[in-house]
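Worksheet for the structure shown next.
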Amino acid sequence: MTHAPALLVIDMQNALADLAHRADDTIAVIAALRARARAVGVPVVTVQHQGGGLEPGSDGWRIVPRLAPAEGEPVIAKTSADSFLDTDLDATLRALGVTELVITGFATEICVDTTARQALSRRYDLVLVADGHTTSVRDATGPYAAPDASVAHHNEIFRHLDFPGRSVRVLPGAEVDFSPPAA
């Protein structure tokens, strides 16, 4: 099977970026990846959550300007943490011939994690961009892990996931080159 990656940008919307930890840094990593992907003909697919205060057409629902999809790039509307559930994401990726997803976006432990695991279950190889996903800003004394700890935890979990027949890599954005994993 031919290696064919796509860059997936999950929920990088204005309202979510406003509450995201390291929003500017994460956006910069994704923007650089997007430019490199486009330069080598790798599809960029944007996932956009709607509902729960993110109403289509509202400013908060819009993709952050630096990551706005280009004309003709697929945009997938979703209503749950799973970017595949009740969407045309899988059909879109299959039509593009995609075999590997390079995953970025918001929120690490919800939409990014859920979508990444679903991608593996649907037989896509996976690259989780270690510095290209983030979570919400929150008090370290609350019930959730501190943002940096949550991101680091998920990166480490994905480094050790074993999905037979699937390649799972966790790479910083600067090391993603959209080439096949080393044998």
Enumeration of residues in the range 41-86 that are among the basic types (Lys, Arg) and open to solvent by less than 40 Å² (accessible area, probe 1.4 Å): Lys78
Of the residues in the range 154-173 that are free of Cβ contacts under 8 Å to residues at least 24 places away in the same chain and of a type outside the set (Lys, Arg), the one that is nearest to Ala28 (Cα to Cα) is Glu156
Across (1) open to solvent by 70 Å² or more (accessible area, probe 1.4 Å); (2) under 22 Å from Ser136 (Cα atoms), Arg38 clears everything bar (2)
Determine if the range 129-143 includes at least one residue that is acidic (Asp, Glu) and touching a His at 6+ places or on another chain (Cβ under 9 Å). no
Can you spot a residue in the range 119-141 that is of a type in the set (Lys, Arg) and either open to solvent by less than 20 Å² (accessible area, probe 1.4 Å) or more than 22 Å from Asp25 (Cα to Cα) (or both)? yes
In the range 158-183, what residues are surrounded by 15 or more Cβ atoms within 10 Å (Cβ to Cβ), among the hydrophobic types (A, V, I, L, M, F, W, C) and not in a loop (DSSP other than H, G, I, E, B)? Phe158, Val168, Val170, Leu171
Answer yes or no as to whether Ala145 is open to solvent by less than 60 Å² (accessible area, probe 1.4 Å), small (Gly, Ala, Ser) and assigned to a loop (DSSP other than H, G, I, E, B). yes
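The values are calculated or read from the model by the stated rules, or taken from the named source; none is laboratory data. These numbers were taken from a predicted model, which means no experiment stands behind them. Positions of Cβ are backbone-derived with ideal geometry, glycine not excepted, and every protein chain shown enters the neighbour counts. Just so you know, the surface numbers come from the protein's heavy atoms only, side chains and all, with ligands and any DNA or RNA stripped out. Shrake-Rupley method; radii C 1.70, N 1.55, O 1.52, S 1.80 Å.
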